[in-house]
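Everything below concerns the one structure shown next.
Read-outs: derived from the displayed coordinates by stated rules, not from any lab. None of these values were measured; they are calculated from a predicted model. Positions of Cβ are backbone-derived with ideal geometry, glycine not excepted, and every protein chain shown enters the neighbour counts.
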Amino acid sequence: MSRAGRRAVLAVPVGWLILLLVAPLAIVVLIAFALPADGVPPYSIGFSLDNLLLVASDPLYRDALLRSLRVAGVSTVACLVIGFPMALAIARAPPRWQNPLLLAVMLPFWTGFLMRINAWIGLLADDGLIVRLLGLPPVLYTDAALYIGMIYTYLPFMVLPLYARLSRLDPALMEAAADLGAPPWRVFLRVILPLSLPGVAAGAALVFVPAIGEYVIPALLGGPQAELIGRVLWEEFFSNRDWPTASAVAVWLLVVLVAVPIAAQWVTRRVRQASEGE
Amino acid sequence: MLTASGLTVRYGSTTALDHLDLTVQRDELFVLLGGSGSGKTTLLRTIAGFVRPEAGRIVLDDIDLSALPPHRRPVNTMFQSYALFPHMSVAANIGFGLRQRGVSRAETRRRVETMLALVRLEGFGGRRPSELSGGQQQRVALARSLAPSPRLLLLDEPMSALDQSLRRDTRAELVRLRRSLGISFVLVTHDQDEALEMADRIGVMRDGRMAQVGTPAALYEAPAGRFVAEFLGAANILSCVVDGCSVLLPGLGLAVHAARPGVNGRGLLALRAERLRIGGDGAVNQVEGVVTESFYAGDALVVSVRLADGSVLRVKRSLADGLGAALVEPGTSVRVGWQPDACMLLPE
């Protein structure tokens with residue numbers, strides 16, 4: 001292919017990325033450094049660190065960010081704990097069962113997201129099925145309902161990459177470990193778990209990243225006191241029309257989203273190195 | 001040492017092992033030989049504990065293995081795919097079984113070094129399995145399965161992934177290694193040359209049963225039936241009527257002599273191609289025929305001779321005097337001769 005032709009082909013994805021990823025991001029960063037103003041648009045171009053410093057120091061934003069981190073972290077761990085056995089069971093199921101089981105995992109996507117969350121409101125309400133049948137204290141509009149909604153929504157994003165990884169593991173590796181004297185739990189810890197780490201990382205990223213910015217589930221199922229960063233962002237932007245502050249929140253969120261996976265990767269590498277010493 | 005009795009394994013409606021009995025002696029290399037679907041791998045996996053038999057018992061030195069899960073059996077397996085742990089170093093792979101049995105770190109490290117030396121891979125302990133050649137991986141797999149000092153080592157087609165020349169060296173090395181360690185090996189293969197060359201005893205399997213068990217020479221020279229005669233080193237098979245040492249070939253209207261008497265009545269005469277000679281001189285038994293074709297097999301010339309009744313004898317001509325001396329033109333009338341002890345009489 002000629003050089004010009006190659007450039008033309010490359011121009012499509014590069015153009016796409018510039019238009020839909022780099023440009024909006026640049027605008028957000030630009031506004032985060034801008035000054036608030038009355039008018040349309042509600043900012044004036046400039047360079048000020050005030051917005052970013054405000055978001056970092058004001059307890060309202062800081063606590064919302066920390067709470068979001070906690071909610072996303074707990075949801076990710078819970079999805080991992082629930083999703084790993086599910087993925088392992090599907091990967092170990094007879095081949096003719098695997099596709100139906102995967103379909104069952106993805107089935108919720110066939111219905112609209114808001115419909116499903118509204119269904120949970122009905123189920124978790126004080127006079128709802130679950131609360132009445134189990135005789136629970138009120139669940140709706142508490143952290144419990146928030147976590148139920150988060151885990152329910154994001155579980156498939158954990159199960160699918162884990163399944164993809166686990167189904168490709170050579171069963172002979174598990175047999176070899178057992179053959180060499182490893183009881184089942186140690187086969188899991190020493191062979192299955194380390195070899196599925198890339199799947200764990202992919203699943204964790206797919207759950208953690210959208211979970212940290214989630215605002216629909218907290219708004220519909222969670223309590224009013226639990227202000228999360230996604231909600232704060234929404235309010236700054238649409239209710240207060242404070243674009244510079246909203247952009248500063250978005251930039252901080254992005255920084256956290258980049259920092260957490262890097263930290264996680266660093267930790268897994270250290271863990272792996274340590275386990276190799278065995 | 002190892003005794004399996006009445007082992008039966010069924011997968012759905014197919015019977016993989018059918019009331020199979022097997023005895024493996026102390027300090028021997030026992031080869032399970034059979035085609036695909038004969039049940040040889042199933043038998044190996046049943047001994048290792050990966051397959052639960054429907055019926056039967058496996059006893060190893062007075063320990064009933066039948067009730068033990070794989071990780072509690074004093075038996076190790078070398079897998080066909082090697083199944084080396086890709087996330088561990090060579091040393092960690094070899095030491096895995098020792099660590100599982102509670103051997104200390106220091107002792108494991110020492111044993112791993114010994115095993116690496118045993119398979120001539122000193123200095124490779126720090127590498128990853130993916131950084132090794134196929135032959136080196138095979139030796140790591142062997143070292144890993146030997147490291148916990150199993151009472152019995154099971155080898156599932158251990159050389160199927162090696163190329164031809166490496167395979168030949170590995171056979172001899174494996175036999176030497178086993179002798180020096182004094183551990184019994186049960187080796188599964190579909191390669192008859194491998195079986196004949198390596199085995200102390202061979203068990204030929206067919207349809208989940210043991211067709212015949214014996215030393216390589218016994219199986220090759222005195223097969224119990226047509227299946228074993230044809231599976232091990234392809235034999236010429238003719239219908240015959242046996243009367244003591246006299247063997248009547250009805251199709252040819254002549255009788256030949258066998259060295260040992262067979263079972264009287266209708267039977268089969270099996271003749272190894274390398275025991276037949278073209279040109280009858282000096283042979284006790286002789287038949288006439290016409291050469292139909294010949295092909296060069298490197299170490300011999302294989303000549304097909306059609307007899308009067310239409311049956312074909314394959315004759316292996318020695319190349320001791322060179323290819324030119326061995327060649328026979330198709331269409332040539334020849335006599336095929338053999339000695340009485342070349343006759344193998346089989347039931348029909």
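At-a-glance table
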item	result
Relative exposure of B:PHE295, A:PHE157, judged by other C-beta atoms within 10 Å (fewest first)	B:PHE295, A:PHE157
Of the trypsin sites (Lys or Arg not before Pro) in region B:1-97, those whose Cβ has at most 14 other Cβ within 10 Å and which sit in DSSP loop	B:ARG26
Among B:PRO74, B:VAL59, B:SER130 - extreme Cα towards positive end, dipole of region B:1-132, charges at beta-carbon	B:SER130
Folded to 0 to 90 degrees: helix B:164-181 orientation relative to chain B principal axis, Cα	60 degrees
Isotropically averaged projected area of region A:50-276, using the convex hull of Cα atoms (one quarter of hull area), nm²	15.6 nm²
Order of A:VAL271, A:VAL28, A:VAL12 under a 10 Å beta carbon neighbour criterion, fewest first	A:VAL12, A:VAL271, A:VAL28
Max mean-square fluctuation residue, GNM over chain B, Cα-Cα springs under 10 Å, options B:LEU177, B:LEU307, B:LEU323	B:LEU323
Estimated dipole of chain A in Debye, rounded to 20 [Cβ of Lys and Arg +1, of Asp and Glu -1, Cα centre]	1080 debye
Residue order, fewest to most surrounding Cβ atoms within 10 angstrom, among B:SER145, B:SER81, A:SER2	A:SER2, B:SER81, B:SER145
Within a Gaussian network of chain A (alpha carbon springs, distance under 10 Å), most fluctuating of A:ASP242, A:ASP127, A:ASP63	A:ASP127
Environment charge at B:VAL291 (Cβ cut-off 15 Å; Lys +1, Arg +1, Asp -1, Glu -1)	+3
Quotient of Cα Rg and 2.2 N^0.38 Å for region A:200-278, N being how many residues it contains	1.45
Restricting region A:28-94 to chymotrypsin sites (Phe, Trp or Tyr not before Pro) in coil, as DSSP defines it, with at most 12 other Cβ within 10 Å	A:PHE47
GNM result for chain A, Cα springs below 10 Å: residue of A:ILE212, A:ILE31, A:ILE262 fluctuating most strongly	A:ILE262
Region A:108-177 and region B:37-58: distance between their alpha carbon centers, rounded to Å	41 Å
Among B:GLN286, B:GLY265, B:SER160 the positive-end extreme of the charge dipole of chain B (Cβ point charges)	B:SER160
Kyte-Doolittle mean at least 1.0 and Cα axial length at least 30 Å: DSSP H helices in chain A	A:59-92, A:143-166
Radius of gyration and Dmax over the Cα atoms of the protein assembly as shown, both given in Å	36.7, 121
Antiparallel DSSP beta bridges within region B:2-221, percent to nearest 5	50 percent
0 to 90° range, to nearest 10: angle between helix B:134-146 axis and chain B longest Cα axis	70 degrees
Charge sum, other residues only, whose C-beta stays under 12 Å from B:GLU274's C-beta, Lys/Arg counted +1 and Asp/Glu -1	+4
The protein assembly as shown - share of DSSP beta bridges that are antiparallel (%, nearest 5)	80 percent
For chain B, fraction of C-alpha pairs farther apart than 40 Å, in %	28 percent
Of the GluC sites (Glu not before Pro) in region B:86-184, those whose Cβ has at most 10 other Cβ within 10 Å and which sit in DSSP loop	B:GLU122
In degrees, nearest ten, helix B:105-118 long axis to first principal axis of chain B (Cα)	20 degrees
All-pairs alpha carbon distance profile, region B:234-347, 10 Å steps from 0, percent	15, 48, 28, 9, 0
For region A:101-174, the spread of Cα positions along each principal axis, largest first, Å	51, 27, 20
Ellipticity estimate at 222 nm from DSSP helix runs (n ≥ 4, -39,500 (n - 2.57)) divided over the protein assembly as shown, nearest 500	-14000 deg cm²/dmol
Distance from region A:54-97 to region B:151-207 (C-alpha centre basis), Å	51 Å
